[in-house]
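Values in this text are rule-based calculations from the coordinates and carry no lab data. Computed from a prediction, not measured in an experiment: that's the story for all the values here. Here the Cβ positions follow ideal geometry from the backbone for every residue, glycine too, while neighbour counts run over all protein chains shown.
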Amino acid sequence: GAGVSQTPSNKVTEKGKYVELRCDPISGHTALYWYRQSLGQGPEFLIYFQGTGAADDSGLPNDRFFAVRPEGSVSTLKIQRTERGDSAVYLCASSFQVTLPSYEQYFGPGTRLTVT
Amino acid sequence: AQSVAQPEDQVNVAEGNPLTVKCTYSVSGNPYLFWYVQYPNRGLQFLLKYITGDNLVKGSYGFEAEFNKSQTSFHLKKPSALVSDSALYFCAVRDNPGANNLFFGTGTRLTVIP
């Protein structure tokens, strides 16, 4: 079956602009995660959803970042008033229900965001 | 709090030789441990995991990892390296019970020399 897909693959935007990054998880996966990977670093957790609700958003760096998953499938990560420090690869992952933490997460190819 | 350390930024090994990529962890509960591989311009691919049971875990592409509770380590190994194994490898831990997300190390770049 299809894996996790993310669009766009690359996004270049000017400082101060608003961007949306989309994630389409594996069909049947109820848990969805967003991570951010800066150059030379491992992925850092941003937020996760169980179904439609954001069950843990403790990794969001500030209130410019917001994510939604209105129908429990596709998710959109939204960044307002982008800053150059937001430049990174944004990774989405999905898994079976998060209440069984043994399930591995499957990652999409990421969206490379560049803020100029 | 949970953390993962990958002490080597770079590992070089000759093709056909055994390889080891090191990982140590720190968690407050029972650890769930994972290895992922990242090829250029591609997402992270799951290799293997340790949840419970046998300390030696076998995964994809001939990789295996050994869980050592006393040394809090989860080193990735392969008996005979291939040039195609050259990639960036990440160790990750999930505290159980605890946070639902994975906590990743900084990665180790493996280069297999023909």
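Does the protein assembly as shown come out rounded, prolate or oblate, given a ≥ b ≥ c as the square roots of the eigenvalues of its C-alpha gyration tensor, rounded meaning a/c under 1.5 and, failing that, prolate meaning a/b above b/c?
prolate
Listing B:91, B:23 from the residue with the fewest other Cβ atoms within 10 Å to the one with the most, what is the order?
B:23, B:91
How long is the gain from residue B:72 to residue B:15 if the chain were fully straight, where each residue apart is worth 0.36 nm and the alpha carbon distance is subtracted?
Gain on stretching residue B:72 to residue B:15: 17.6 nm.
Just to confirm the filter: which GluC sites (Glu not before Pro) across the range A:23-89 are DSSP coil and have at most 11 other Cβ within 10 angstrom of their Cβ?
Qualifying residues, ordered by number: A:71.
Quick one: among A:51, A:42, A:59, which has the greatest mean-square fluctuation in a GNM of chain A with alpha-carbon springs under 10 angstrom?
It is A:42.
With the contact rule set at Cα under 8 Å and sequence spacing of 6 or more, what percent relative contact order holds for chain A? Each step should come with its number before you reach the end.
Values: 299 pairs, mean separation 42.6, N = 116.
It rounds to 37 percent for chain A.
Which residues make up the longest stretch of chain B that has no trypsin sites (Lys or Arg not before Pro) in a DSSP loop with at most 14 other Cβ atoms within 10 Å?
Working: sites that count: B:42, B:69.
By the stated rule (loop sites, at most 14 other Cβ atoms within 10 Å), B:70-114.
Among B:23, A:21, B:11, whose Cα lies farthest out toward the positive end of the dipole of the protein assembly as shown, if unit charges sit on the beta carbon of Lys, Arg (+1) and Asp, Glu (-1)?
Towards the positive end, the residue furthest out is A:21.
Cα-Cα pairs above 21 Å in the range A:23-116: how many percent?
Percent of Cα pairs beyond 21 Å in the range A:23-116: 27.
Label points 7 Å out from Cα along the Cβ direction at residue A:9 and residue B:41: separation in nm?
So the label points at residue A:9 and residue B:41 sit 0.6 nm apart.
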